[in-house]
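Remarks on the structure that follows.
The values are calculated or read from the model by the stated rules, or taken from the named source; none is laboratory data. Computed from a predicted structure; not experimentally measured. Using ideal geometry, Cβ is built from the backbone for each residue, glycine included, and neighbour counts are taken over all protein chains shown.
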Amino acid sequence: MVYYYYYSLYSYYHMCTEYLLAFNSQKCKVMHIGHCMDSVYYMPDMQDRSVKHKIETCVEERDLGVMVTDNLKPSAQCIKAAAKARAVLEMVKRNFRKLDESDFLILY
């Protein structure tokens, strides 16, 4: 398992160098899905293999506008979407005092 992990990172690094993209190993994160492991992971720096960086673990991560948690429940995403919708509704309500149903449908 650990061998596959390092092999994946090295192949990703080689792909980045092939396409002239920068690979920052200090920005890598680990998320344990479904269970809690108190493991500490280190990743060697791709330019200088003698230097190792500790990979931080995260419980919640946002990627492409979607919140992903370690238990894969959509509650965090739903809370953020509901808060944004409430903010938009309050802004419409605050700026348009006299608003009937047809005007509301046009605005929203």
Task: Neighbours by Cβ (under 9 Å, 6+ apart or cross-chain): first from segment 7-29, surrounded by 11 or more Cβ atoms within 10 Å (Cβ to Cβ); second outside any helix (DSSP H, G or I) and small (Gly, Ala, Ser) - done: 16/22
- [ ] Report, ordered by the first and then the second residue, all pairs with beta carbons closer than 7 Å, sequence separation of six or more or different chains, a first member in segment 60-85 that is within 17 Å of residue 31 (Cα to Cα), and a second member that is assigned to a helix (DSSP H, G or I).
- [x] 60/76; 66/77; 67/76; 67/77; 67/80; 69/76
Task: Residue count for segment 42-62, restricted to those that are more than 22 Å from residue 11 (Cα to Cα) and among the charged types (D, E, K, R) - done: 3
Open item on the list: Looking at (1) hydrophobic (A, V, I, L, M, F, W, C); (2) at pLDDT below 90; (3) farther than 24 Å from residue 35 by Cα, which one does residue 76 not meet, given that it meets all the others?
Closed with: (3)
Open item on the list: With the condition being touching an Asp or Glu at 6+ places or on another chain (Cβ under 7 Å), I'd like the strands (runs of 3 or more DSSP E) fully within segment 42-108 carrying at least 3 qualifying residues.
Closed with: 66-69
TODO: For residues that are of a type outside the set (Gly, Ala, Ser) and within 15 Å of residue 65 (Cβ to Cβ), tally how many sit in segment 77-108.
DONE: 5
